[in-house]
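Quick notes on the structure that follows.
The values are calculated or read from the model by the stated rules, or taken from the named source; none is laboratory data. None of these values were measured; they are calculated from a predicted model. Positions of Cβ are generated from backbone atoms using ideal geometry, with glycine treated the same way; all protein chains shown enter the neighbour counts.
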There are 2 protein chains.
Amino acid sequence: MEGRAKIHLDPKDPTPLYAQLERQILAAIATGHLPEGAQLPTVRQLAVDLRVNANTVARVYTQLERAGVLETRRGVGTFVAGKRAATVDQSTRDAALLTAARGYLAAAAAAGASPDQAIAQLRALMEGADRG
Amino acid sequence: MEGRAKIHLDPKDPTPLYAQLERQILAAIATGHLPEGAQLPTVRQLAVDLRVNANTVARVYTQLERAGVLETRRGVGTFVAGKRAATVDQSTRDAALLTAARGYLAAAAAAGASPDQAIAQLRALMEGADRG
DNA sequence: TGACTTGTTCTAAAATACTAGTACAATCAA
DNA sequence: TTGATTGTACTAGTATTTTAGAACAAGTCA
């Protein structure tokens, strides 16, 4: 029960599982669900919880470790790394955010939600994170 | 030049191109960019514009045609179908919106943006769409 | 030391996504 | 009818994603 991250993967979503998992972890960190220094579930445990292969989890951990987001210690576990320098420039990040926003608006519209509802849903999600 | 849909695909996004395209079309319809009866670009033309294979576009058109969203007439073109009965229930749509919101928050975090910036970007996009 | 836990690496196979090219069918206009 | 346009269907090949299983490396603890 020690700070289980609320990770949700959707097998129906055409987005690859590894990409979903990576985003969820990054979001959990950004929203404070996973504070600096927090320990993540082990590769094998998370694989069981999410019903995916251990390799899929391991690959995500490795990738995030190389990106400086996570810190891994063999035999101990995987932890959220401390503040790191941003390696990508601002324009690249802006472009990524724009693309993500377009995608969300599209997905919301496809789900029959109005833009206002889309924002409301986002707010609700953020508040839930604050309390966690 | 008759109402070109503003479709943007991101090859860097791990989400499959066909899924991105499907969402964008659904969004364009939901937001009124593509009103009922409007003609979509031809399979070959859109494939050229988006730098994807014609088969990828054709598959999306076919899928949306089977879903009742589009109407295709051989030798003429593809059009937005008339009002159709909602085939998915509310809970399914809510779940889809929640998943989309989680994904956006995660993508924004991955892009180094705060949740507030994520919402700001969304608002900016909405205003731009209104004027378009 | 030895047992155990944890992350890492590797090979192999299956399923899916995407590209490429071709051919066919239906509609419209001259 | 003829030709052009458009959607549909098909095969083949490549790349990516995911699963599966095994083995190895590094750390903790008794």
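Suppose the filter is closer than 18 Å to A:A106 by Cβ, at pLDDT 80 or above and not in a loop (DSSP other than H, G, I, E, B); does B:A129 pass it?
no
Does any residue of segment B:1-17 turn out to be more than 18 Å from A:L97 (Cβ to Cβ), in contact with a helix residue (DSSP H, G or I) (Cβ under 8 Å, 6 or more places away or on another chain) and within 16 Å of DNA strand C (Cβ to nearest atom)?
Yes; the residues of segment B:1-17 include at least one that is more than 18 Å from A:L97 (Cβ to Cβ), in contact with a helix residue (DSSP H, G or I) (Cβ under 8 Å, 6 or more places away or on another chain) and within 16 Å of DNA strand C (Cβ to nearest atom).
Given (1) out of contact with any Lys or Arg (no Cβ under 8 Å at 6 or more places or on another chain); (2) under 14 Å from B:A106 (Cα atoms), identify the lone condition not met by A:Y18.
Single failed check for A:Y18: (1).
State which residue pairs qualify: first residue more than 7 Å from every other protein chain (Cβ to nearest Cβ) and free of Cβ contacts under 8 Å to residues at least 40 places away in the same chain and inside segment A:17-33, second residue surrounded by fewer than 23 Cβ atoms within 10 Å (Cβ to Cβ) and of a type in the set (S, T, Y) in any location, beta carbons under 8 Å apart, and separation of 6 or more residues or different chains.
A:L17/A:T56; A:L21/A:T56
Within segment A:16-106, considering only helices (runs of 4 or more DSSP H) that don't extend past its boundaries, which have at least 3 residues that are within 16 Å of DNA strand D (Cβ to nearest atom) and farther than 30 Å from B:L122 by Cβ? Let's see the steps before the verdict.
Working: elements: A:17-30, A:43-50, A:54-66.
Qualifying helices (runs of 4 or more DSSP H): A:43-50, A:54-66.
Return only the number of the condition from (1) modelled with pLDDT under 90; (2) small (G, A, S); (3) touching a Gly at 6+ places or on another chain (Cβ under 9 Å) that A:A38 does not satisfy.
All conditions pass for A:A38, except number (1).
In segment A:51-68, how many residues are at pLDDT 90 or above and within 14 Å of chain B (Cβ to nearest Cβ)? Outline the logic, then answer.
Looking only at segment A:51-68, we keep the residues that are at pLDDT 90 or above, and these are A:51-65.
Right, trim to within 14 Å of chain B (Cβ to nearest Cβ) and you get A:56, A:59-60, A:63-64.
Number satisfying all stated conditions: 5.
What are the pairs, 6+ residues apart or on separate chains, where a residue within segment B:87-110 that is more than 7 Å from chain A (Cβ to nearest Cβ) has its Cβ under 9 Å from a residue that is part of a helix (DSSP H, G or I)?
B:V88/B:A96; B:D94/A:Q121
Can you go through B:A124, B:A118, B:A113 and tell me which one is surrounded by 13 or more Cβ atoms within 10 Å (Cβ to Cβ), assigned to a helix (DSSP H, G or I) and not aromatic (F, W, Y)?
Values: B:A124 fails: surrounded by 13 or more Cβ atoms within 10 Å (Cβ to Cβ); B:A113 fails: assigned to a helix (DSSP H, G or I).
B:A118 is the lone residue from the list that is surrounded by 13 or more Cβ atoms within 10 Å (Cβ to Cβ), assigned to a helix (DSSP H, G or I) and not aromatic (F, W, Y).
Filter segment A:23-55 down to the residues that are of a type in the set (D, E, K, R) and touching a Pro at 6+ places or on another chain (Cβ under 9 Å) and list them by number.
A:D49, A:R51
Can you confirm whether segment A:27-37 contains a residue that is polar (S, T, N, Q) and within 16 Å of DNA strand C (Cβ to nearest atom)?
no
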